[in-house]
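For reference, the structure is listed below as structure tokens.
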């Protein structure tokens, strides 16, 4: 493991997005930052800025009005990036499933890497999901680098 | 060994060069310790003390979405001027030039914030300018006071003075302590980069390795402010038969400033811009005027 990969694993900067849920899971995310659960020991730092973030924590069923905003935020995040769906609403649609004002679930809008179900999710589950996401970050970067190499060699051959 | 130690060229060129090379590491470690101590004060465990390095190296390994080239130039100018001002301070150049170049680095960051079309960046830059408006006069007045008592703007004259600056300018040092949170971007004056309030202020649009550069510039900034405070005690302290070398006294003063910044950061909340302007101007100017009166009345010129 190179030093960059190690540091990528050690410092996930988190973007917290609420997409119109009941605010229960938002509070659980906040309680992750409190002394009892303290995610900052994994180097987690909560930025309010998609351009600095590595991990997007998404909460709530995606309402139709929020669809454009969330794709926008997703596109602004620099690679490698990971999206975590926090709570049942974000993972499957939950009690809003089939409701006229929502898109169904988060994975209908942006690609989701980790699902953390629960209503509300426990902070422990969020931490588990975050730690899972850290491995995915490095895998994604490897895939991106491989693709770059391939496109370079194919261009060279052409 | 002692021959090298006593060689004036060693102190004039070799030591500053080593310090300049080590300064990002020292600054980064200081920031890491800071985050750790903050966490402990809040009864958390906190990240490891090498966390700032993890952050920077991660940023260097990320994709960089470039919005326009102007702000990259200004960001790079910010980084280089910070390093330049630190180098000038370590190589004992003119104190006035050092202060101006350090102020210039701030201006470049503001310009970088203005050169992109993001309202967060704009608000952050506006606030940054106001912060600069409040701290720069205080810093300059302190430099003028140093000039008044030592008779020269040269850093060497502080070392050549008959007494350490702390004995002559104690209130001016307090004024520096007052503007310390502004330069460290800490509460109560962390108005420009206002975490979670206006994204990241002027740094909002930076991403990837360019953000990494800006972050590493903060390491240099931290080291610069502490080195500047270290100037206030640059004489050996003699208590009876014991002689404490000047660099230990200097380091002690830096440590006091560092701990002061951390404690104040944790004990206060963020203020509004107008509150900051009032506090810094009124308290800072009163401290400096009192110190000026003290010098004039007691006639303590240490040139």
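None of the figures in this text is laboratory data; all of them are computed from the coordinates on show. Treat the numbers as computed from the prediction; the structure is a model and nothing was measured. Here the Cβ is made from the backbone with ideal geometry for all residues, glycine too, and neighbour counts use every protein chain on show.
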Legend entry - Alpha-carbon Rg with Dmax, taken over region B:39-174, Å: 19.2, 55
Inset, instruction - Report, for region A:1-151, the % of DSSP beta bridges that are antiparallel, rounded to 5. - result: 5
Inset, instruction - State the extension gain, in nm to one decimal, for the chain segment bounded by residue A:68 and residue A:119, taking 0.36 nm per residue of separation less the distance between their alpha-carbons. - result: 15.8 nm
Inset, instruction - Return one number: the angle in degrees, 0 to 90 and rounded to the nearest 10, between the long axis of the Cα atoms of helix B:208-230 and the longest principal axis of the Cα atoms of chain B. - result: 20
Inset, instruction - Using a 10 Å cut-off on Cβ to Cβ distances, tally the other chain neighbours for every residue of A:7-17 and report the average as a whole number. - result: 4
Legend entry - At R0 = 60 Å, FRET efficiency that the Cβ-Cβ distance of residue B:177 and residue A:150 yields, to 0.05: 0.60
Inset, instruction - Report the FRET efficiency, 1/(1 + (r/R0)^6), for residue B:140 and residue A:5, where r is their Cβ-Cβ distance and R0 is 51 Å, rounded to 0.05. - result: 0.65
Inset, instruction - Treating the angle as unsigned and between 0 and 90°, give the value, to the nearest 10°, between the Cα long axis of helix B:119-150 and the longest Cα principal axis of chain B. - result: 10
Inset, instruction - Compute the distance in nm between two label points, each set 7 Å from the Cα along the Cα-to-Cβ direction, one at residue B:70 and one at residue B:301. - result: 5.0
Legend entry - Separation of the residue B:259 and residue A:108 label points, Cα + 7 Å toward Cβ, nm: 5.9
Legend entry - Added length on full extension, which subtracts the Cα-Cα distance from 0.36 nm per residue, residue B:290 to residue B:238: 15.9 nm
Inset, instruction - Please work out the Cα convex hull volume for region B:119-266 and give it in Å³ per residue. - result: 124
Inset, instruction - Kindly express, to the nearest 10 degrees and within the range 0 to 90, the angle between helix B:51-60's C-alpha long axis and the longest C-alpha principal axis of chain B. - result: 50
Legend entry - Value of [θ]222 nm, deg cm²/dmol, for chain B, DSSP H segments ≥ 4, -39500 (n - 2.57) each, nearest 500: -23500 deg cm²/dmol
Legend entry - Spatial separation of Cα centroids for region B:76-139 and region A:47-67, in angstrom: 33
Inset, instruction - Please compute P(r) over all alpha-carbon pairs of region A:1-135, binned at 10 Å starting from zero, and give each bin as a whole-number percent. - result: 13, 46, 32, 7, 1
Legend entry - Cβ neighbours within 10 Å from other chains - mean over B:8-21: 0
Inset, instruction - For peptide B:50-58, compute the average count of partner chain beta-carbon atoms within 10 Å of each residue's beta-carbon. - result: 6
Legend entry - Theoretical ellipticity at 222 nm over chain A - DSSP helices of four or more residues, -39500 (n - 2.57) apiece, nearest 500: -14500 deg cm²/dmol
Legend entry - Shape of chain B, Cα gyration tensor, a/c cut at 1.5: prolate
Inset, instruction - Would you order A:122, A:36 from fewest to most other beta-carbon atoms within 10 Å of each residue's own beta-carbon? - result: A:36, A:122
Inset, instruction - Return the tail of the calculated pair distribution for the protein assembly as shown, meaning the percent of Cα-Cα pairs more than 35 Å apart. - result: 39
Inset, instruction - List A:103, A:58 from most exposed to least, where exposure is judged by having the fewest other Cβ atoms within 10 Å. - result: A:103, A:58
Legend entry - Relative pair counts by distance (%), Cα atoms of region B:59-123, 10 Å bins: 22, 39, 28, 11, 0
Legend entry - Relative contact order (%) - criterion: Cα under 8 Å, at least six apart; region: chain A: 24
